[in-house]
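Just so it is clear, none of the values below were taken in a lab; they were calculated from the coordinates. Remember, predicted model here, so these are calculated numbers, not experimental data. Glycine also receives a Cβ, built like all others from the backbone with ideal geometry; neighbour counts cover every protein chain displayed.
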Amino acid sequence: MAKIDVDQAPTRFGSAYPPPFDAPCADRRRWMLGDAAGLTQFGVNLTRLAPGVWSSQRHWHTAEDEFVWVVSGEVVLVTDAGEQVLRAGDCAGFKAGAPNGHQIQNRSDGEAMLLEVGTRAPETDRSDYPELDMIVGPDQVYRHRDGTPYE
C-alpha cells in the first residue's frame with residue numbers, strides 16, 4: 001500500500017493510563033499511520049491535541065527513540081531542562097535510554113497536530129514516569145515503582 005487514507009487509519013482516543021493520570025490526555029486523538037501501512041520497525045502517529053490536552057504524562061523510554069514534528073498549532077514541550085514553545089515546523093527528538101522525561105502540552109486556544117515517529121521495541125522497552133509513582137514494561141501493565149499493578 002502506498003497512499004494511506006488518514007480517515008481510515010486505526011484511531012485511538014485518550015490514553016491507557018490508569019486514573020487519574022489519564023485525565024490530561026482524555027481528549028487526545030491518534031491516527032496510527034504506521035499501523036495503517038503495516039509498518040513493523042517503527043511507528044508513525046498523527047496526533048491531535050485539543051486546547052488544554054497533553055500528549056502524555058512526562059516519561060522516557062529505555063529502548064525506543066522518539067521524534068515529534070509540530071504540523072500545526074503551538075504547544076509547550078516540557079522536559080527535565082524546562083519548557084520550550086514549539087510551533088508549526090518545529091521538532092524535537094528523544095534518544096532511547098536517556099532519562100529525560102518529556103511531554104507536550106497544548107496550552108493554546110487552538111488545536112495542535114503532531115507527527116510522532118518512534119522505534120517499536122515492545123519486547124524490551126520500559127517507560128519511566130519520573131514525576132509519578134508509575135512505570136510500564138513490555139507487558140503494558142502500568143505499575144507502581146514497587147511493582148504493584150494499578151487497578
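For this structure, a couple of remarks:
- Enumeration of residues in segment 1-27 that are in contact with a Phe, Trp or Tyr (Cβ under 7 Å, 6 or more places away or on another chain) and either at positive phi or crowded, with 18+ Cβ neighbours inside 10 Å (or both): 9, 17, 24, 25
- When residue 47 is tested against (1) more than 12 Å from the chain's Cα centre (by Cα); (2) among the hydroxyl-bearing types (Ser, Thr, Tyr); (3) surrounded by 19 or more Cβ atoms within 10 Å (Cβ to Cβ), only condition (1) is not met.
- The set of residues in segment 50-75 being aliphatic (A, V, I, L, M) and buried (at least 16 other Cβ atoms within 10 Å of the Cβ) consists of 53, 63, 68, 70, 75.
- Pair list, Cβ under 8 Å, 6 or more apart: segment 129-143 residue free of Cβ contacts under 8 Å to residues at least 24 places away in the same chain, other residue charged (D, E, K, R) and outside any loop (DSSP other than H, G, I, E, B): 135/128; 135/143; 136/143; 137/143
- Looking only at segment 14-29, residues that are free of Cβ contacts under 8 Å to residues at least 40 places away in the same chain and under 12 Å from the mean Cα position of the chain (by Cα) come to 4 in all.
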